[in-house]
Structures are given as structure tokens and as C-alpha cells.
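In what follows, a structure is listed as C-alpha cells, so that the remarks can point back to it.
FYI, it's all coordinate maths here, none of it is from the lab. Quick caveat, the model's predicted, so the values are computed rather than measured. Note that we place each Cβ from the backbone using ideal geometry, even for glycine, and neighbour counts take in every protein chain shown.
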């Protein structure tokens, strides 16, 4: 006659209690490429020339008077594309992942608005000539 051992209470409970993961900070949630995009956009705004500044074709002033004004619309388009992709991914996820993409989308739109408002006087002066 064989005897079966009864499972003990520790063996009965195989469910693992999941502890809530502490919320990551925004930079970790955004990821490296998005953070680089935001930093480049902010640097582009900070180093922007004043409206009406003449273009210099040599030296370091070439960067601020020629490269940065060309880079601003490109950064704007990439920010808006990332916001659109965040919206697409947000619609297919639920819970914490959906909230993550919402925050990413909001950051992209805020930086896009700031970039537009910052460069608007420069481009208005440029096209008014």
C-alpha cells in the first residue's frame, strides 16, 4: 500500500506575489534616442542666432548661422513623427505602457511647440526680406 504525501501549505501556494515596480523616471521611460532628440532640440534652441543675423560661411559662426537654422525644421519633423508613432503605439497598449507612450507623446509635442515658437521670429524675419 502506497501512501501519498499531502502537499504542505508552502507547496500549495505556488502563486508569486508581484510587488509593484517603482515608477521609473521620465528619462528612463523615454529611452536613449528620444532623450538625444530632446537634448539636440534644446541645444538647437539655445544656440540659435538672433533674427536678422547675417550668414557666415566660415569658422565656428557657420554652425550657428547656417547649420542650426537648417537643423531646426528637421528636428521639428522628427519630433512630430515620434509623437505620431507614440500615439499609434499608445492605441495598441494598455495600462502602464499606454501611460508611458502618453508621456512620451506629450514631451515630444511640448518640445515641438517650444522649438517652433523659438525659431518663428528668425524664420519670419528671413522670409520678410
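What are the extents of the Cα atoms of region 31-127 along their three principal axes, listed from largest to smallest and rounded to whole Å?
That works out to 51, 25, 15 Å along the principal axes.
Just grab the label-to-label distance for residue 47 and residue 114, each label 7 Å out from Cα along the Cβ direction, in nm (one decimal).
With each label placed 7 Å out from Cα toward Cβ, I get 1.7 nm.
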